[in-house]
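Trainee: Next up is a structure, given as structure tokens.
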Amino acid sequence: MTQPATRRTVLATGAGAIALGCVGCGAENGGEATSTPSASSASASSPAAQEAATGGKALTKTSDIPEGGGKVFKQEKVVVTQPKKGDFKAFSAICTHQGCTVNAVADGTIDCPCHGSRFRIDDGSVAHGPATRPLLKRSIEVDGKSIHLA
């Protein structure tokens with residue numbers, strides 16, 4: 001006779017599945033976390049396949065990123081900066097201190113509203129704590145006047 005699953009059993013099993021499903025999701029030591037759609041998960045007409053063919057999701061125009069500044073894309077959890085003319089960088093918008101989303105780029109730093117951490121726009125390194133690790137780098141492609149997630 002089979003016992004019905006308890007809430008605890010279901011939650012524990014689900015947490016294990018999530019942990020196993022996320023093996024390799026992140027990267028350590030400031031590396032990039034990447035994923036590519038598999039042939040079975042992305043057909044030629046799917047949005048994921050179309051984004052892969054065009055270099056990823058279009059974020060913005062280059063003219064929308066100020067020189068010496070940047071812009072936070074909360075939905076995509078990415079921040080794009082332009083430390084010097086024509087040099088575009090991208091970082092995770094998730095603060096390495098406690099996981100808050102950064103909310104502003106000002107005076108050469110990417111700023112987190114939760115505890116005051118600030119990161120340099122040119123390399124994502126910590127300019128002011130309490131964060132001790134840099135923002136993770138993200139890949140972007142500049143295609144003419146458009147910036148895409150890579």
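Trainee: With a cut-off of at most 10 other beta carbons within 10 Å, and DSSP calling the residue loop, which chymotrypsin sites (Phe, Trp or Tyr not before Pro) in the stretch 58-150 qualify? Please list them.
Mentor: On the way: sites: 73, 88, 91, 119; in loops: none.
Sparse-neighbourhood loop chymotrypsin sites (Phe, Trp or Tyr not before Pro): none present.
Trainee: Continuing with this model, one more query. For the stretch 54-150, what is the accessible area per residue in Å², given a 1.4 Å probe and the full set of protein chains?
Mentor: 51 Å²
Trainee: Check which residues have an amide H placed less than 5 Å from residue 140's amide H, if you skip close sequence neighbours.
Mentor: HN-HN under 5 Å from residue 140: 150.
The values are calculated or read from the model by the stated rules, or taken from the named source; none is laboratory data. What you see is a predicted model, and the numbers here were worked out from it, not measured in a lab. Neighbour counts run over all protein chains shown; Cβ positions are idealised from the backbone, glycine included. These accessible areas exclude ligands, DNA and RNA; they are computed on the full protein's heavy atoms, side chains included. Shrake-Rupley method; radii C 1.70, N 1.55, O 1.52, S 1.80 Å.
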